[in-house]
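Below: one structure, written as C-alpha cells.
Computed from the coordinates by the stated procedures, all read-outs in this text should not be read as laboratory data. Quantities reported herein were computed from a predicted structural model and do not represent experimental measurements. Positions of Cβ are backbone-derived with ideal geometry, glycine not excepted, and every protein chain shown enters the neighbour counts.
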Amino acid sequence: MIRPDAKVLLEVKGLCAKVGGVEILKGIDLTVRAGEVHAVMGPNGSGKSTFAKALAGHPSYEVTGGSVAFDGRDLFALAPEERARRGLFLGFQYPVEIPGVSNSAFLRLAYNTMQAARGKDELDPLEFDDFARGKMKLLDMDPGFLDRSVNDGFSGGEKKRNEILQMALLEPRLAILDETDSGLDIDALRVVAGGINHLHGPGDAVVLVTHYQRMLNYIVPDYVHVMGGGRIVRTGGKDLAFELESRGYDWVRAAA
Amino acid sequence: MMSAVVATHPYIEALLKGHEMPRGGISWLDERRAQALERANALTVPTTRDEEWRFTDITPLTKLRFRPARATPQLAISDLSRFLAPEATVHLTFVDGVFAPELSANAGLPYGTVVTSFAAALHTHGAVIEQHLARHAGFEKELFAALNTCHLRDGAFVWVARNRKCPTPVQILFVSTQQETVAYPRILVVAEAGAECTLIEDHAGLGDEAYFSDAVTEVAVGEGACVRHVRVQRDARAAFHIATCAVALAKDARYASHAVTLGARISRHNLNVTQQGEGSEVRMDGLALISGRQLADTHTLMDHACPNGRSRQLHKCIVGGAAHAVFNGKIVVRPGAQLTDSAQESRNLLLSGKAQVDTKPQLEIFADDVKCSHGATVGQLDQEQVFYLRSRGLSPNRARNLLTYAFGAEVIDRIPVPSLIEQLGEMVLARTQVVGDA
Ligand SMILES: Nc1ncnc2c1ncn2[C@@H]1O[C@H](COP(=O)(O)OP(=O)(O)OP(=O)(O)O)[C@@H](O)[C@H]1O
Ligand SMILES: [Mg+2]
C-alpha cells in the first residue's frame, strides 16, 4: 500500500559493494516506506542476493560507497545483530543448516533476544512452544520441525517455510525475502504467501526478491524493480512483472 | 617391603620413596603388586621421543613435588552434590585416593549386584577379583599402570551377576582436594554373561590444586553382557591426570564408552578395548573441551581380535586459547577377524589461532574381508552459521557459544544419563564462553 506520507523505513543511496574483491553493487538507489511491498527481480547474477546480504551485514560483503538509512539511522553503523534487533529481517535464499542446534532452542533464543531488545517479556520453553505452534499453524507447518536441528536435512521448501516462521516469530519492520518462493510447491506457495500477507501491515514493509510472477499474484507489489549489472535499471508497478514474464529481461537491458 | 631396585628417574624414585607395600595377606595380590613395583622401578618416564608420547610432554609433571596426603579432609556430601548424578543412587566416593564410606551410598542393591570397595569385596568376591584385577590393564610396559598397580590399596569393585541388570547407573567419584599429592584411582568392573550396567567414572577436582591422579580402570564384559561407561575427567586446571582403561569383551558383548575431558593441565587417557570373542559391539565416543594452556591426549586402541566385531568411534575436540589436543586412534584387525565392521571419526574444532590439534588414525588390518573407515577433520566455526545466527539477533559471542555447544552435543547427547547430559551441556556452554573470549 502506497502512502506518500508514510514513514521512510529504508533509504538506499548509491550503494556500492564488493565481494571477494569484485565490485558487484554499482550504485543502488531505493526508497521503501512503511506499508509498501517491493519486488526485486532481475537475471541470475545481477546482484539481488548481494544487495540483500549487504543490507543484513554479511561480513563478506564490503560496502565501498553510498549510504543506507534504516528507520532514520545509518545502517552500516550497526552490527548485523543490531540491525536484526531493530527490525531488519533477511529471509535467506539458501538458509543455513546448523546440525546440533535444535530448531526450537534457536527460535526461542532469537525470539527472546528480540523481545529483550524491545523491552518485552521473554518466554520460557513451554510458553514458547505454544506460541511457536500457533505460528506454525498459520504456515501449515508440522510442529515436528521444532524438534529437529535448524534446517538440517530440511527439503528446499521446508527451509523456506522455516524462514517465514522466523519472520512470523520476530515480526520485523522490514523483511527482505530472498527467493522465498523458489523451492516451494504450488500449494506451499499459496500458504506461505498467505502467511506473509497476514504478517504484513501498514507499519512494516516487505521486499520480495523473486524470479517469478506467480508469487506476485498472491502478494501484490506496489513497486517492481529490475536489477541488472549491480544497479536497479527499471522500476515500475505490478504490471512490470507481467511484462517481464512474457518478454524476458533483454528489452530492459536494451532500454537501460 | 622397600624397593630394592633404583628407579630410572628421580621422579619415579620420589613416587616410590617410602613405598610400603600394602599388606593384605592375600598372596596373589601381594605378588601382583610386587611385579608392578619391579616394573615401576625398571620403566623409564616417557618423553616426546617415544612414539606414543610424541605430542605430550610430561616434564611439568615430573617436576611436581609430592607430599603425602594429609588425613582425608572432612567433606560433606553437599560439597560433592554438584558432581553426583541424581540417577546414580549408588555411588562410591574416594577422596584423595582413599575410600570415603560416609560419602558413599551402596545399600539397597538387588541380589546379584555388588558395588563396594576392594577391601570389602576381597572377602566376598576374592575369586572374581583375582581372575580380573591387573589382568586386563597390562603394566609390563606401562609405567603409570605399574605405578598404580604397585600402590593398589583400595578401589571400586562393581560386579553384576549373570543375566542380572544393575537398576541404576553406578557412579564412582574420585575427588582430589590436596596440593601436590598423588592418588591412584582404581576401578574393576565385571559384568558376567548377560549382565548389564551403566558406570559413571568421575574424576573431579574440588579446587585449583596441582595434584597428580594416576588412574586405572578395568572392565570385563561377559558373553552377551552390556556395559555403558561414562567417563568424566573434570580435574583441577592445574592437575595432572594419566589414566588407562582396559576393556575385555567376550562373545557378543556390548560396550559403550562416553569419555568427556574437561580438566587438568596435562591429561592422558588410554582406552584399550579388546575383543576376546566374536560378534561384540563397541561404541567409543570422546569429547575433549580444553582451553588456556591445557593439553589433552587421548590414545585409543580398538583391537578386533575375533570375527564379526563392530566398532563405532567418534572423537571430538574443542580447543581454545593456546591449548593442545592429541588424538591417536588405533584400530587393529587381527588375522582371522573377518567381517569386522569398524568406523572411526575424529572431528576437531579450533576456537583460536593458537589452539592446536594433532589427530592420527592408525589402522593395522590383517584380515581381508573387513569394512574399515576413518576420517579426520580440523576446522573453525562456520562463518555462514555465525552470520545466520547474528542475522536473527544473536550476539557474536552467543552465536559462537551455541555453535560450539552444538559441536559437542553430538557426543554429550548420547550419554545414557540424562542429568549428565544436562550438566555437561551447561558446563560446555559455560566453558565455551571462557574459551570464546580467550
Ligand atoms: N565471493 C565472491 N567472489 C566473487 N564473486 C562473487 C562472490 N559472491 C558472489 N559473487 C558474484 O556476484 C554476482 C552477484 O551474485 P548474487 O548472488 O547477488 O546474484 P543474484 O542476483 O542473487 O542471482 P540469483 O538470481 O542467481 O540468485 C554473481 O556474478 C556472483 O558470481
Ligand atoms: Mg540470489
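Cα to Cα, under 16 Å, and not fewer than 8 places away if on the same chain: which aspartates and glutamates meet these conditions relative to A:K159? Counting by Cα, and skipping residues close in sequence, A:K159 has these aspartates and glutamates nearby: A:E97, A:D140, A:D142, A:D147, A:D178, A:E179, A:D181, A:D185, A:D187, B:E384. Kindly list the residues of the range A:186-225 that lie in the label zone of A:K7, defined by a backbone N under 12 Å from the point 7 Å along the Cα-to-C-beta vector. Inside the label zone: A:202-205. With θ taken as phi - 60° and the Karplus curve 6.51 cos²θ - 1.76 cosθ + 1.60 applied, the whole-hertz 3J(HN,Hα) list for the range A:201-207 is x, x, x, 10, 9, 10, 10 Hz, x standing for glycine and proline.
For the residues B:R54, B:R237, B:R33, a GNM of chain B with alpha-carbon springs under 10 Å puts the largest fluctuation on B:R54. Taking the range B:372-415 and a reference point 7 angstrom along Cα→Cβ of A:A79, the backbone N atoms nearer than 19 Å belong to B:381-405.
The residues B:E281, B:E426, when put in order of fewest to most other Cβ atoms within 10 Å, stand as B:E426, B:E281. Remark: the A:N197-A:K137 segment gains 20.1 nm on full extension, using 0.36 nm per residue and subtracting the alpha carbon distance.
When the alpha carbon coordinates of the range A:159-255 are projected onto the principal axes, the ranges are 42, 28, 21 Å, largest first. The fewest-to-most ranking of A:H200, B:H229 by surrounding Cβ atoms within 10 Å reads A:H200, B:H229. The convex hull of the Cα atoms of the protein assembly as shown, projected and averaged over all directions, covers 35.0 nm².
Loop-resident GluC sites (Glu not before Pro) (DSSP state other than H, G, I, E or B) in the range B:116-185 with no more than 12 further Cβ atoms inside 10 Å of their Cβ: B:E140.
Each of B:Y388, B:P335, B:S373 was placed along the dipole of the range B:322-419 (beta-carbon charges, centred on the mean Cα), and the one lying farthest toward the positive end is B:Y388. Annotation: peptides B:59-65, B:296-302, ranked by per-residue average of other Cβ atoms within 10 Å with the highest first, follow the order B:296-302, B:59-65.
Among the residues of A:95-106, the average count of other protein chain beta-carbon atoms within 10 Å of the residue beta-carbon is 5. Phi angles across the range B:101-116 convert, under the Karplus curve 6.51 cos²θ - 1.76 cosθ + 1.60 with θ = phi - 60°, into 3J(HN,Hα) values of x, 5, 9, 10, 9, 9, 8, x, 6, x, 3, x, 10, 10, 9, 7 Hz, Gly and Pro given as x.
If you plug the beta carbon distance of B:R54 and A:H211 into 1/(1 + (r/R0)^6) with R0 = 35 Å, you get a FRET efficiency near 0.05. The range A:192-256 and the range B:196-218 have Cα centres separated by 64 Å.
For B:D297, the amide hydrogen comes within under 5 Å of the amide hydrogens of B:S267, B:R268, B:H269, B:V326, counting only partners 5 or more places away or on other chains and with H modelled in the peptide plane. Inter-chain Cβ neighbour count for A:49-57, averaged per residue, equals 1 (cutoff 10 Å, partner chain atoms only).
When Rg and the Kirkwood radius Rh are both evaluated on Cα atoms of chain B, their ratio Rg/Rh stands at 0.95. Among the listed pairs A:K137/A:K160; A:K48/A:K120; B:K63/B:K141, those with a Cα-Cα distance over 26 Å are A:K48/A:K120. How many angstrom lie between the Cα centre of the range B:92-114 and the Cα centre of the range B:220-258? Value for the Cα centre distance between the two parts: 19 Å.
Considering only A:L90, A:L174, A:L244, the mean-square fluctuation computed in a Gaussian network model of chain A, springs between alpha carbons under 10 angstrom, is largest for A:L244. What you get for chain B, charging only the Cβ of Lys and Arg (+1) and of Asp and Glu (-1), is a dipole of about 660 debye around the Cα centre.
Taking amide H positions as modeled 1.01 Å from N, with prolines and chain starts lacking one, the residues under 5 Å from B:L287 and 5 or more places away or on another chain are B:A259, B:V260, B:T261, B:K316.
Summarising the label geometry, the points placed 7 Å from Cα in the beta-carbon direction at B:A193 and B:Q380 lie 5.7 nm from one another. Can you pull out the trypsin sites (Lys or Arg not before Pro) in the range B:88-174 whose DSSP state is coil and whose Cβ has at most 12 other Cβ atoms within 10 Å? When the trypsin sites (Lys or Arg not before Pro) of the range B:88-174 are filtered for loop state and at most 12 Cβ neighbours within 10 Å, B:K141 remain. Using a simple spin-label model with pseudo-atoms 7 Å out from Cα toward Cβ, B:A42 and A:N44 lie 7.2 nm apart. The aspartates and glutamates within cross-link reach of B:K360, meaning a Cα-to-Cα straight distance under 19 Å and a gap of 8 or more places when in the same chain, are B:D50, B:E51, B:E52, B:D57, B:D285, B:D297, B:D303, B:E345. Would you work out which of B:A42, B:N348, B:A161 lies farthest towards the positive end of the dipole of the protein assembly as shown, given +1 charges on the beta-carbon of Lys and Arg and -1 on that of Asp and Glu, about the Cα centre? Toward the positive end, the furthest listed residue is B:N348.
Within the shell defined by Cβ-Cβ distances under 14 Å, the residues around A:D5 carry a net charge of +2, with Lys and Arg each +1 and Asp and Glu each -1. Inter-chain neighbour count for B:303-312: the average number of beta-carbon atoms from partner chains within 10 Å of each residue's beta-carbon is 0.
The dipole here belongs to the protein assembly as shown: it is taken about the Cα centre, uses +1 on the Cβ of Lys and Arg and -1 on the Cβ of Asp and Glu, and is about 1020 debye. Cβ-Cβ distance of B:A367 and B:D79, R₀ of 60 Å, FRET efficiency by 1/(1 + (r/R0)^6): the value works out to about 0.70.
By the beta-carbon count within 10 Å of each Cβ, the least crowded to most crowded order of A:T180, A:T113, fewest first, is A:T113, A:T180. Neighbours of B:L143, meaning other residues whose beta-carbon lies under 13 angstrom from its beta-carbon, give a summed charge of -4 when Lys and Arg score +1 and Asp and Glu score -1. Here's the picture: a label point sits 7 Å out from the Cα of A:E62 along the beta-carbon direction, and within the range A:1-27 the residues with their amide nitrogen under 20 Å of it are A:14-27.
Counting 0.36 nm for each residue step from B:E130 to B:E13 and taking away their Cα separation leaves a gain of 39.3 nm.
On the beta carbon distance between A:F242 and A:D147, with R0 = 35 Å, the FRET formula returns roughly 0.25. Remark: spin-label model distance B:D358-A:S155 equals 5.0 nm, labels positioned 7 Å along the Cα→Cβ axis.
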